[in-house]
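Input: a single structure, listed below in structure tokens.
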Amino acid sequence: MRHWHRFVGVACVLGGGLAAAPSRADTTRAADAASLDPARPTRTLTMAQALDYAHVHEPTIRAALARVSARLADARVPSAQWLPTAGVTGQIFAMTANNTTATYVQPAYVDLPRVGATSAVSTGRFSPYASTLVAVGLSQEVFDFGRIGAQRAAADAAVETERHRADGARLDVDFAVEEAFYSVLAAKAVVKASEDAYERSRVHRDLARRAVDSGLRSPIELTRAEADLDRFDVGRVRARGGVAVAESVLSAAIGAPDGAVDAAGEPPQPGDMPALPDALRLAQARDPRLAEALAELKAAEERTRAIGAGLRPNVSITATLSGRAGGAPPSS
């Protein structure tokens with residue numbers, strides 16, 4: 001009969017524990033957890049959406065694409081040497097001996113020919129006279145003996161190198177985004193496990209309280225149950241903090257202005273792992289860093305050829321129309 005009464009008492013405790021209202025400590029603990037709960041993110045992305053967003057907004061990828069655009073612009077510079085070049089100059093000066101063939105400043109884009117004449121034999125004086133010069137010139141490349149082509153090949157090789165470097169940057173960003181995405185899912189799983197552990201510990205605490213109130217257990221059992229409940233509550237708060245950190249890392253990985261970005265949907269399933277020889281062959285064919293190194297080697301070779309081609313002669317046509325005037329008496 002003594003064991004039977006103890007069994008009935010435990011059954012009553014179980015029934016009362018399941019139907020009991022939350023205590024004041026539980027209410028306070030729930031309020032504290034709600035106050036510690038971080039703000040939920042306003043943006044929720046799947047894995048594909050996160051990668052697409054990062055490809056457009058992530059600063060590392062944008063910087064890499066900008067460097068590629070700069071290299072493309074540099075590659076158009078050598079070909080521009082085939083376009084005609086025009087220049088205009090206007091000069092006014094005063095000196096003691098002027099109106100000679102050497103009395104002007106040679107501009108960069110106007111070829112002013114020096115026309116020979118008889119020697120000047122008048123006696124020099126220190127009286128200055130003013131002179132003016134206005135000229136317009138045009139030059140056109142005719143034949144470069146492969147010099148411009150070598151420069152263009154070197155510039156194209158630099159563009160290819162920068163593209164492979166941008167591919168490597170995008171691969172690093174994809175890895176960071178995927179890692180952050182899986183971190184958010186893992187942090188959510190930890191929160192779910194901590195919530196379940198807290199609920200189980202709360203039921204055990206309620207069972208211990210009813211047993212202590214009915215005299216079936218010693219008060220130390222309730223103290224231990226309360227300690228376990230507080231420990232699981234701390235773990236629950238830490239798990240929520242881990243979710244907040246993971247969501248902020250995901251936001252930074254994709255380059256979003258939000259403080260946190262949530263992950264949704266199922267992650268893609270991994271494929272079959274290739275054999276080691278196949279993995280090495282795929283790495284040699286697809287690794288952007290290896291392709292970048294090979295492209296850099298080719299670019300160095302092209303730059304060497306371009307430097308050698310700079311010693312080749314150059315054929316061009318130039319034409320200049322100029323007018324000169326001055327107030328000095330003729331000296332030849």
Check: Of the numbered conditions (1) assigned to a helix (DSSP H, G or I); (2) farther than 30 Å from ALA264 by Cα, PHE145 satisfies every one except a single condition; which is it?
Finding: (1)
Next item on the list: Tell me which residues, restricted to the stretch 45-81, are among the hydroxyl-bearing types (Ser, Thr, Tyr), surrounded by 13 or more Cβ atoms within 10 Å (Cβ to Cβ) and assigned to a helix (DSSP H, G or I).
Entry: TYR53, THR60, SER79
Check: Can ALA309 be described as of a type in the set (A, V, I, L, M), surrounded by 12 or more Cβ atoms within 10 Å (Cβ to Cβ), at pLDDT 85 or above and farther than 30 Å from ASP156 by Cα?
Finding: no
Check: How many residues, within the stretch 216-274, are within 31 Å of the chain's Cα centre (by Cα), in a helix (DSSP H, G or I) and hydrophobic (A, V, I, L, M, F, W, C)?
Finding: 10
Checklist line | Leading residue by the ranking (farthest from VAL234 (Cα to Cα)) among those in the stretch 170-190 that are among the aliphatic types (A, V, I, L, M) and surrounded by 19 or more Cβ atoms within 10 Å (Cβ to Cβ) | finding: VAL173
Margin query: Here is a check on your reading of the model: is THR318 in a helix (DSSP H, G or I), surrounded by 10 or more Cβ atoms within 10 Å (Cβ to Cβ) and at negative phi?
Written below: no
Next item on the list: Kindly indicate whether SER183 is touching a strand residue (DSSP E or B) at 6+ places or on another chain (Cβ under 9 Å), among the hydroxyl-bearing types (Ser, Thr, Tyr) and in contact (Cβ under 8 Å) with a residue 24 or more places away in the chain.
Entry: yes
Note to self: I'm checking my understanding of the structure. Among residues of the stretch 85-116 that are surrounded by 10 or more Cβ atoms within 10 Å (Cβ to Cβ), in a loop (DSSP other than H, G, I, E, B) and among the aliphatic types (A, V, I, L, M), which one is modelled with the lowest pLDDT?
What the structure shows: ALA97
Next item on the list: Taking GLY242 as the residue in question, decide whether it is at negative phi and open to solvent by 50 Å² or more (accessible area, probe 1.4 Å).
Entry: no
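The values are calculated or read from the model by the stated rules, or taken from the named source; none is laboratory data. Predicted model only: the values in this text are computed from it and were never measured. So basically every Cβ, Gly included, is an ideal-geometry build from the backbone, and we count neighbours across all protein chains shown. Protein only, heavy atoms only, side chains kept; ligands, DNA and RNA dropped before computing areas. Shrake-Rupley method; radii C 1.70, N 1.55, O 1.52, S 1.80 Å.
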